[in-house]
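Just so it is clear, none of the values below were taken in a lab; they were calculated from the coordinates. It should be emphasised that the depicted structure is a prediction, and the values quoted were computed from it without experimental measurement. With ideal geometry, Cβ positions are generated from the backbone for all residues, glycine too; neighbour counts draw on all protein chains shown.
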Amino acid sequence: MHPNIWYPFTQAKTSPPPLKVKSGRGIWLELEDGRKIMDCISSWWVNIHGHSHPKIAEAIYRQALELEQVIFAGFTHEPAEQLAEKLVKRLPSGLNRVFFSDNGSTAVEVALKMAYQYWVNQNQQRQKFIAFEGAYHGDTFGAMSVGSRSLFSQVFSNMLFEVDFSPFPETYIGDTSVEKREEAVLSQLKEKLQQNPQQYAGIIIEPLVQGAGGMRMCRPEFLRKLQKLVKQFDTLLIFDEVMTGFGRTGGWFPSIKSGVTPDITCLSKGITGGFLPLSVTVCSEKIYDTFYSDDPIKTLYHGHSYTANPLGCAAALASLELMVENQPVFSSMEAKHLQHLEALQGNPQVEKLRVTGTIAAMDIVSKQESGYLNKVGLDIRAKSLEKGLLLRPLGNVLYIMPPYCITDEELSQVYEGIFDILKNL
Ligand SMILES: *Cc1c(COP(=O)(O)O)cnc(C)c1O
């Protein structure tokens, strides 16, 4: 460990020293000692086009020579305006007000504040949110509060605001009871909403795939039924598409793929292709209208120093162009994953094989309690590095989330590596 750095999510005392990366090209990372590692998880899910893509690099350079940063209150700039327009065109129609911030957690904070104040601005006090078991929405206090209580937030549990948690109807290949479980979840939710509809500011969900909570997947049908309930009981639907946006689920966004228009959505991770921190919270005109007023107290008083940083916006615009080029890749990756997963069906070491778009996942059967600290995950992490693969299981959940530049041969290589690791576990 470097003597001057405090690494995230890392217990310095018991962790192996971090690997020093010299460069990245496409899916490959090159370490200082010359080793090459295939980045099978897009470096915490952000590098959708792989590393150091020259198109994005050039866009940033050109923008940096023109305008690198400017205060975003009382001033605006072309890259932000263009990006907002292009994002709105790609999102479900009705989502048309873009609020900029700079990471996924703050995108969620902004969504929660927007939803809460939406009611306050209409003279209603709605103190509660509904969220889902297994959810992860980030590490700031609001985002932690709507996240499932876990090892990550345990220490701070007394500081978090109260949230009602609903079970999440996760599903996998060969699941025969999902419809029943969805119905149970929906009727529980209905009961909650019926009891006191006026206490809920909104419902927040990671649509189609819960990320850090273990790559748990649900059906688009569930989201459509959830939206119906939200409308019936007049609350707000918030999508956290921070991880699942920008092609990850096979469509441009889970909202588009499932045909559900939330009231507010949060985007970050893939937005700049992994080059620069940037995020947006996008809401409908219905929400924006309640803030539009002569009364200063109705303003959304939120912002960050680097809000809508022009370099980040330029990177995002270049990344969107690459998204158009790569649409055939991200929309066809699910079929490729399925082919490989077929060979794992029936293997007693794995269960709950699942895939949504570019994301494939499975639970490794382990005698230990499942969870983030499950040793099997650490074991797989170490063994895959020996094979030149960057895989970082979440507890006993092994997943692959490659950048869209991965070749068929490289994808086969990843699965061969996984077969090998399972054999020697
Ligand atoms: C990663 C993530 C966040 C938090 O984003 P950060 O940029 O790490 O703050 C929020 N929601 C989801 C679904 C995520 O996957």
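Quick one: grab the alpha carbon gyration tensor of the range 360-404, order the square roots of its eigenvalues as a ≥ b ≥ c, and give me rounded if a/c is under 1.5, else prolate or oblate depending on whether a/b is larger than b/c. The shape class here is oblate.
For a paramagnetic label modelled on Ser366 (point 7 Å from Cα along Cα→Cβ), amide N atoms under 16 Å away belong, within the range 15-29, to 15-16. A protection proxy built from the mean count of other Cβ atoms within 10 Å ranks the segments 295-302, 56-63, most packed first, as 56-63, 295-302. For the range 337-342, putting each phi into the Karplus relation 6.51 cos²θ - 1.76 cosθ + 1.60 with θ = phi - 60° gives couplings of 4, 4, 4, 5, 5, 3 Hz, in residue order, rounded to whole numbers and with x for Gly and Pro.
The local environment of Ser23, defined by Cβ-Cβ distances under 15 Å, has a net charge of +1 under the rule Lys, Arg +1 and Asp, Glu -1. When the helices of the chain are scored as -39500 (n - 2.57) per DSSP H run of n ≥ 4 and the total is divided over every residue, the value at 222 nm lands at -11500 deg cm²/dmol. Could you compute the net charge surrounding His304? Neighbours are other residues with a C-beta less than 12 Å from the C-beta of His304; K and R count +1, D and E count -1. Here the charged neighbours net out to -2. Descending by average beta-carbon neighbour count within 10 Å, the peptides 269-280, 174-185 line up as 269-280, 174-185, the highest first.
Between Gln188 and Tyr61, residue separation times 0.36 nm minus the direct Cα-Cα distance comes to 40.5 nm.
Put simply, the amide H of Ala135, placed in the peptide plane, has neighbours under 5 Å in Ser148, leaving out anything fewer than 5 places away on its chain. In this label model, Glu85 and Leu425 are separated by 5.1 nm, measuring between points 7 Å along each Cα→Cβ vector.
Shape class of the chain from the alpha-carbon gyration tensor: oblate, with a/c at 1.5 or above and b/c at least as large as a/b. Per residue, the Cα convex hull of the range 136-289 amounts to 133 Å³.
Computed about the Cα centre, the dipole magnitude for the range 57-319 is approximately 580 debye when only Lys and Arg (+1) and Asp and Glu (-1) carry charge, each at its Cβ. Classification of the range 149-199 by its C-alpha gyration tensor yields an oblate form. The axis ratio a/c (a ≥ b ≥ c) is 1.5 or more, and b/c is at least a/b.
A protection proxy built from the mean count of other Cβ atoms within 10 Å ranks the segments 234-243, 34-43, most packed first, as 234-243, 34-43. Site pair Val178 and Ile71 shows an inter-label distance of 5.1 nm when each label is modelled 7 Å from Cα along Cα→Cβ. Antiparallel beta bridges, as assigned by DSSP with both residues in the chain, represent about 65 percent of the total such bridges. Computed on the range 297-398, with alpha-carbon pairs under 8 angstrom and 6+ residues apart, the relative contact order is 18 percent. Electrostatic bookkeeping for Arg381 treats Lys and Arg as +1 and Asp and Glu as -1; over the other residues with beta carbon under 12 Å from its beta carbon, the sum is +2.
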